[in-house]
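These notes are about the structure you will find just below.
The values are calculated or read from the model by the stated rules, or taken from the named source; none is laboratory data. A quick note: this is a predicted structure, and the numbers were derived from the prediction, not measured. Glycine gets a Cβ as well: all are built from the backbone with ideal geometry, and neighbour counts include every protein chain shown. Just the protein is used for accessible areas: all its heavy atoms, side chains included, with ligands, DNA and RNA removed. Shrake-Rupley method; radii C 1.70, N 1.55, O 1.52, S 1.80 Å.
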Amino acid sequence: MVEQLKGRTVFITGSGGVLGSTYVRRMLAEGARVVASDLPGHRADALCAAHEGNENFRFYDLDVGN
């Protein structure tokens, strides 16, 4: 599966939750560029802190209910 994700871009909504953060971590490990989004707050802050040095990670605040 490593070759399938290498160099691809993945967009993950709800990335601050348990499942979303697991997907972010796994896809980064397999070489994907990850664009993550979630509601602003402590979960988003923790996710950004965990991946702040990774050039393949970007995070954007997103509230789909608004």
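Roughly how many debye, to the nearest 20, is the charge dipole of the chain about its Cα centre, given +1 on each Lys and Arg Cβ, -1 on each Asp and Glu Cβ, and no other charges?
That gives the chain a dipole magnitude of about 220 debye.
Would you mind telling me the share, in percent, of accessible area of the chain contributed by carbon and sulfur at probe 1.4 angstrom?
53 percent
Charges on Cβ only, +1 for Lys and Arg, -1 for Asp and Glu, centred on the Cα centroid of the stretch 20-62; of ASN56, VAL34, TYR23, which one is farthest towards the dipole's positive end?
TYR23
By how many nm would the segment from LEU62 to ALA46 lengthen if fully extended, with 0.36 nm per residue of separation less the alpha-carbon distance?
Contour length minus the Cα-Cα distance gives 4.2 nm.
List the residues whose amide H sits under 5 Å from the amide H of PHE59, counting only those 5 or more places along or on another chain, with H placed 1.01 Å from N in the peptide plane.
Correct list: ALA36.
In 5 Å bins starting at zero, report the fraction of Cα pairs in the chain per bin as a rounded %.
In whole percents, the pair-distance histogram is 4, 20, 32, 24, 13, 6, 2, 0.
Filter the GluC sites (Glu not before Pro) in the chain to those in DSSP coil with at most 13 other Cβ atoms within 10 Å of their Cβ, and list the result.
GLU52, GLU55
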